[in-house]
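The values are calculated or read from the model by the stated rules, or taken from the named source; none is laboratory data. Just so you know, these numbers come straight off a predicted model, no measurement behind them. Quick reminder, even Gly has a Cβ in these numbers, built from the backbone with ideal geometry, and neighbours come from all protein chains shown.
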Amino acid sequence: MEAVKGEVTLLLQQMAKGDSDAQAQLFSLVYCELRKLARNYMRRERIEHTLQPTALVHEAFLRLVGSPPVNWQNRVHFFAVTAQVMRRILVDQARGRLRKKRGGNNRAVSLDEVILCNYENPAVVLAIHECLLRLAKLDERQSRVVELRFFGGLSIEATAEVLSVSPKTVKRDWNYARAWLYGQLNGRVYAA
Amino acid sequence: MRGPGSTGSSMVGCMPRKWESAQSLFEAARQQAPEKRVEFLQEECSDDAMRQEVGELLAHAHNADLMNFLDTPAVGTAKSPTVSRGPLKSPGDVLAKRFRVVQFIARGGMGEVYEAEDLELHEHVAIKMVRPEIAVWYPNCLQRFKREVHLAKRVTHPNVCRVFDLFRHSDENTGTHDSGLIFVSMELLQGETLSERLRRGPANSAEALEIVTQVTAALDAAHAGGVLHRDLKPGNIFLVSASGNKSSRVVVTDFGLAMALYEGADDLPTPITKGEFLGTPAYMSPEQFHGNKELTPASDVYSLGLVMYQLVTGVRPFEDESPYYVGSRRFAEKIASPRTVAPDLHKVWETVILKCLDREPSRRFQVAGQVLNALKGDTVTIVSCQRHAETQLLYCHSSTTVAIQKWNISVMALQKRLSVLFRAFRK
């Protein structure tokens, strides 16, 4: 376990310098770890936990990066990877749930459901995900900002650190992307 | 397995320059007053299509703001657990063969809080359990926690929640390899926390002053006993319900305890917030955040400043805290004066609050009582505490407290001098 922790810290530092291979490796590591932890939770049914993704991410963090002292920039980058992983996991989960319902085609998502944060409805997560994919084609950084904030829960400052831009830029991106997404989701129908 | 999301910015089918122009226009228009935006767009943009698109986006932005669109992250917060489970213990359960659970009260920073009956002494107490997973993940925390309980037990003051004792309960049914549940018995309080009170809006000056009076008294009492709080926040400030003609009592709880649980092996605090495993305590001082071992009462004064800010304005200086802690703007940026939110706030409050919130610990009030004096208009104190320390209390993690009365030397020099002494002493 110790060897892995050191490796992850190194990868985080490389990722911070813009190494996309490091980022890819991290994605795999974090993804595996989170999937494993989620399975363990289901199996052991630890009743003292409320099964929150934040708790899972924390455990993954402890296992992969370790306990303090941890450079806070490493934390930021770790959670940036987590954002991508969580997006992947939530989207897969949503697709799985929709498939279990009747075929799940053309499930309409109303804007209200998105606004009410009805993440229990898998179509909501998918709708946002698909919109983000379209946004990424227009402006990749904006899509990253939304991914980090919405799937990762990162603050403006943390997002700025991850993307190596100023918080002002992040705010501008966030405002614009939000407005654009709102328009996209308004009254549209999304296939599963 | 698919790799990270570099979807490629090929921008096929879109005109990147138009996208960027739209953005600049959008941003510029947003700076205008809402009623001037249409006019602004007409002046600045000759392209009809773009003008319409940006106009629509502005409308969407407005609605998105109103609706807090996408403000709640998909990964869940303390408010929306994916799966929620009931409390660990039920009424009637007996813990450590001595305490019978009466009812579940709340989920707190350390774990769950219950009302229980002490079967030996026939009185009702509060039981705070330490979350089992904390003991598992942070093996050294129990040692530290016990030391804090030991310190906390010694502080007796009407505004400090009494800590009685620490117990261990072994439950054959847990089915884990935990060495049982750890819990602390303490004074049972009836009423509401300050955070619950603040949901109804800010306090007026009289109420705020009363609360600050009692909280600073609590802080001074604890500091004199060698105990720092390190996690002072509205959730730890209890407003005991007044009965009859008695004025209400304010009690500060969890001195040193909550933070002790989260500290790692190296004595460096891990920024973790209550309820979530991740997050900075929103009231943590900059030196705590940066892992400074030499914390002083001024650190609690900083947290007090944030509490006061919220007390008089109803809001925190920066609301942009996410469920995942990654950093806090209030350390990097200057905190806006509370008068920007509450213009009627008396200037004294503004001055005092901002002084508490100075990023540099030595520039804050060094003693909680000075905060109160300053609020009451003792302007001499505001100037003098920058240069002289009337009472200087020094803290370190060995349980030694040194109180120096009325030394006429500067606070910084004093701290340096004594910390050298203490380092030698500790070896």
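Structural remarks
Per-residue answers, yes or no, for (1) within 30 Å of B:H223 (Cα to Cα); (2) modelled with pLDDT of 90 or more; (3) not hydrophobic (A, V, I, L, M, F, W, C):
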residue: B:S84; (1), (2), (3): no, no, yes
residue: B:R107; (1), (2), (3): yes, no, yes
residue: B:A116; (1), (2), (3): yes, yes, no
residue: B:H122; (1), (2), (3): no, yes, yes
residue: B:P132; (1), (2), (3): yes, no, yes
residue: B:A135; (1), (2), (3): yes, no, no
residue: B:H157; (1), (2), (3): yes, yes, yes
residue: B:S170; (1), (2), (3): no, no, yes
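- Test: A:Q52 is modelled with pLDDT of 70 or more and at the interface with chain B (Cβ under 10 Å from one of its Cβ atoms): no
- When A:V124 is tested against (1) within 14 Å of the chain's Cα centre (by Cα); (2) modelled with pLDDT under 85; (3) at the interface with another protein chain (Cβ under 9 Å from one of its Cβ atoms), just one condition goes unmet, and that condition is (1).
- Pick from segment A:151-167, criterion at the interface with another protein chain (Cβ under 7 Å from one of its Cβ atoms) and free of Cβ contacts under 8 Å to residues at least 60 places away in the same chain, ranking: nearest to the chain's Cα centre (by Cα): A:S155
- Looking across segment A:76-102, the residues that are within 17 Å of A:S28 (Cα to Cα) and either of a type in the set (G, A, S) or modelled with pLDDT under 75 (or both) come down to A:A80, A:A83.
- Just one of (1) modelled with pLDDT under 85; (2) not in a helix (DSSP H, G or I) fails for B:K36. It is (2).
- Of note, B:V348 does not satisfy the criterion of being modelled with pLDDT of 90 or more, among the aliphatic types (A, V, I, L, M), farther than 30 Å from A:T82 by Cα and buried (at least 23 other Cβ atoms within 10 Å of the Cβ).
- Taken together, the residues in segment A:133-150 that are free of Cβ contacts under 8 Å to residues at least 24 places away in the same chain and more than 9 Å from chain B (Cβ to nearest Cβ) amount to 0.
Here's the yes/no breakdown for (1) of a type in the set (G, A, S); (2) farther than 20 Å from A:Q184 by Cα; (3) more than 14 Å from every other protein chain (Cβ to nearest Cβ):
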position: B:R17; (1), (2), (3): no, yes, no
position: B:F26; (1), (2), (3): no, no, no
position: B:K36; (1), (2), (3): no, yes, yes
position: B:E39; (1), (2), (3): no, yes, yes
position: B:D48; (1), (2), (3): no, yes, yes
position: B:V54; (1), (2), (3): no, no, no
position: B:A61; (1), (2), (3): yes, no, no
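- Residue selected from segment B:63-79 under the condition more than 7 Å from chain A (Cβ to nearest Cβ) and touching a Cys at 6+ places or on another chain (Cβ under 9 Å), by the criterion modelled with the highest pLDDT: B:D71
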